[in-house]
Every structure is written in structure tokens, then in C-alpha cells.
Amino acid sequence: MAKKGGMNVGSYVLFLAALFQCGFLGFAILDPVDFLALQSIRKSLHDLPGSNFLASWDFTSDPCNFAGVYCESDRVVALNLGDPRAGSPGLTGRIDSAIGKLSALVELSIVPGRVYGSLPVSISQLKGLRFLAISRNFISGDIPATLGELRRLKTLDLSYNQLTGGIPRSIGTLPELTNVILCHNHLSGSVPPFRSQVLTRLDLKHNALSGSLAPNSLPASLQSLSLSWNQLTGPVDKLLSRLNKLNYLDLSLNQFTGPIPGRLFSFTITNLQLERNSFSGPVQPAYQVTIPTVDLSHNRLSGHISPMFSTVQNLYLNDNQFTGKVPASFVDRLLSASIRILYLQHNYLTGIEINPTAEIPLRSSICLQYNCMVPPVQTACPLKAGKEKIRPTAQCNDWKG
């Protein structure tokens, strides 16, 4: 009997029909194109040591019973390659272009492992694909622009790979995208506009993206936006003012400029990370800020510190150009341990009304060094704050705030 690995589609159909008539076949016949595609996929992938995921891929049995293969009728509709359990070694090898032959596929994922090579352009033939997740592997090369043909795609996760080149503008046109996760790659160029009005998560952190973001480049549906560790520039105040559904925002370690809109602090955000940019001007929230963690450190922010920030649990305003006295409401909340972290070092602050004998709660931390005053209380500051306690008088006199 000839091995099925060498069969063409016609031979495979005749072979299965003969087995079925003779009573040797006890399962429904899988579409022959899907069958042969699975064979090609199997040949190009291998278990890493410690994994036996592909052991069940015995083509003398029903492929719909293979690990990670899910069928409806005679078609493969989902392919989840690799053992999903935490700590599984995963797979190695390449993704065969035959993947594009599984035309009924709705879901495609590969667990973390050592799968390498480029993303096959043939994936763009999977017109019904809704979920594409190949993260924490070694996929390299460009993201195919033809992925923009997957008009029903909802989730695109290619994070933690070695992808290069730009993010194709065609991806931004996909109308049903809800999650785009491309973080921890080597992507460059600009962030394309995203037109999906149901997009809730956009994670592009740890790449080499550059350029600015237009005020209407991202949809108001966004709930989580992470663009940290890139080289993005320009103002974002008009853009951020529109994104009132945000609950997580991280723009840290970029080169953003301009003001931070006060409206942003009224959003139901749990973690606000804007540190290490070039944001400037005063920061004036309209209401008491209820965001648990706010990091505005290492910018060019100026003016007086707003008392509206006194309700923040972890507040980082260090390494800016703030002037004036620290509002009394900060002291009250610090002494009651409502504030856990209050970092104000490396500014131009001139005072804080706190009794030098006041006991700072053990679970609270305040750092005031390198301002235009003698710190009235001595607390442990982070090592990066340096050893100098007071800013030189000449700097304080020259600073006009």
C-alpha cells in the first residue's frame, strides 16, 4: 500500500473510499485538501524535547481527533498547535504555506516555542479567519500586507517574535479588529490609523516605531493602549481627550511633547504611565484623581502641583520642573498611609508643611530631595535620586518656573 504522504488529492479520495467500503474506515472523511494540508503542516513542525504534542498526529486515524485540530463536518475550523499548558516546551520548525489551504479555518494559534521563519503569505487566503495568535516564537521578516484581506479578523497577536519592517496600513483598515498585540518585536515606521470601531486593545510596546499620532488615528472604543519603549513623537493631547473608555494607558519611554490634558485624569484608568517623555506645561485635573497609580516622572512639566493628585495612591512627579509648595492635603493623606508612594525629587519645590518629628507610616514612602528647600523629613529615596539633598541655590534663583 502506498504511503499517504505521497498521494495527490484524487488518490487520497479513492484510497479512503476503498477503506470505507471495506469497513476499515470508522470515521467521516475529512476534506482531502484539508487532509493533505495537515500532512504538510506536520512535516514542517516538530516537538521540542519534552513535548509529545504531535504524537497523536497519526494519519491512519481520524485527523479531527488530532491534538489541536477541531473540525465541523468535513472541514478543519480551528488549529491550535502545541500544548497550551504552562511550561510546555512547544514546537520548532516552520509554518508551511499549506496552511492557506485550510479555507474553512476560523482560528489559528501556536503556543510559545521555537517556530521560526516568516509568516506565510498564504495565511491571507483564510478569508474566514477570526483569531490569529502566534506569539513568543522566533517568527521573522515582515508582516504580510495581505493580512489586510482577512476582513473578519478580530484578534491579531504576533507578540514576542522577531518581526521587522512596518505595520501594514492595510491591517488598520480591518473593520472587526478588537485586539492587536504586536509588542516585543523590531517593528519600525509609523503607527497606521486604526479604523475598527470595536478595537479595545492596542499593544505595540517595545518596538522601534516613530512618527506622530494624528488626533483621529485611534478609535474611541480603545480600553487598553500601550505604546511604551518606542520613538514616537509629537503631541497627543487631542487624541487622548477622545479616548474616554481607557482603563489602561502606557505611553512611557517615547518622545511625546505638548500638554497632558486634564480630562485624562477623570477617565476610569487603573494605571497611567506617561513617564520619560517630553510632556510640558502645567497639569490641572478638574476633579480629584482616583487613578491608583500615576507616573508623570522624567518630563518637563511645570507650575504648581495640583491638590487633585492627593488622592492617588502611588504618585511619581519626580524629575520635572514643578514649583511652589506641596499642598497640605498631600501631608494629611501621607500620614494616614492613604498615599503609599509620593516621589517629588528633582523639581524646584520650595516647601512642604509637615512636622519634622512626624512619623511617616512604614508602608508609605516620600522623597523630596534635590528641590529648592531643605527636606523637613528624612526618608529613604530611590538610589537613582542621587546623594544631593538640596538643589544648588543658583539654579533655584535662575529658575523662573
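Structure data summary
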{"quantity": "Candidates LEU54, LEU129, filtered to the one that is in contact with a helix residue (DSSP H, G or I) (Cβ under 8 Å, 6 or more places away or on another chain), open to solvent by less than 30 Å² (accessible area, probe 1.4 Å), closer than 30 Å to HIS186 by Cβ and in a helix (DSSP H, G or I)", "calculated": "LEU54"}
{"quantity": "Per-region count, segment 261-289, residues assigned to a loop (DSSP other than H, G, I, E, B) and more than 22 Å from the chain's Cα centre (by Cα)", "calculated": "9"}
{"quantity": "Among (1) assigned to a loop (DSSP other than H, G, I, E, B); (2) open to solvent by less than 10 Å² (accessible area, probe 1.4 Å); (3) under 19 Å from GLY93 (Cα atoms) - the single one ARG136 does not satisfy", "calculated": "(2)"}
{"quantity": "Selection count, segment 124-156, where residues are in contact with a Gly (Cβ under 6 Å, 6 or more places away or on another chain) and under 15 Å from PRO168 (Cα atoms)", "calculated": "1"}
{"quantity": "Filter result (farther than 12 Å from LEU334 by Cβ, touching a strand residue (DSSP E or B) at 6+ places or on another chain (Cβ under 9 Å), surrounded by fewer than 18 Cβ atoms within 10 Å (Cβ to Cβ) and not aliphatic (A, V, I, L, M)) within segment 351-375", "calculated": "GLY351"}
{"quantity": "Test: residue in segment 322-336 that is farther than 20 Å from ALA358 by Cβ, part of a loop (DSSP other than H, G, I, E, B) and open to solvent by less than 30 Å² (accessible area, probe 1.4 Å)", "calculated": "no"}
{"quantity": "Meets criteria (in a loop (DSSP other than H, G, I, E, B), among the β-branched types (Val, Ile, Thr) and either closer than 16 Å to CYS396 by Cα or touching a Lys or Arg at 6+ places or on another chain (Cβ under 8 Å) (or both)) for ILE354", "calculated": "no"}
{"quantity": "Segment 147-198 - residue that is part of a loop (DSSP other than H, G, I, E, B) and among the β-branched types (Val, Ile, Thr) and, of those, farthest from the chain's Cα centre (by Cα)", "calculated": "THR173"}
{"quantity": "Where a residue in segment 33-54 is of a type in the set (Lys, Arg) and its partner, wherever it lies, is open to solvent by less than 20 Å² (accessible area, probe 1.4 Å), with Cβ under 7 Å and at least six apart", "calculated": "ARG42/LEU54; ARG42/TRP57"}
{"quantity": "Top-ranked residue in segment 156-190 [being β-branched (Val, Ile, Thr) and under 23 Å from ASN137 (Cα atoms); ranked as most open to solvent (accessible area, probe 1.4 Å)]", "calculated": "THR164"}
{"quantity": "From the options TYR316, TYR348, residue that is closer than 26 Å to GLN255 by Cα, within 31 Å of the chain's Cα centre (by Cα) and surrounded by 14 or more Cβ atoms within 10 Å (Cβ to Cβ)", "calculated": "TYR316"}
{"quantity": "Any hit, segment 200-217, residues being within 25 Å of ILE341 (Cβ to Cβ) and out of contact with any helix residue (DSSP H, G or I) (no Cβ under 9 Å at 6 or more places or on another chain)", "calculated": "yes"}
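The values are calculated or read from the model by the stated rules, or taken from the named source; none is laboratory data. What you see is a predicted model, and the numbers here were worked out from it, not measured in a lab. Neighbour counts run over all protein chains shown; Cβ positions are idealised from the backbone, glycine included. These area figures cover heavy atoms from the full protein model, side chains too; ligands, DNA and RNA do not enter into them. Shrake-Rupley method; radii C 1.70, N 1.55, O 1.52, S 1.80 Å.
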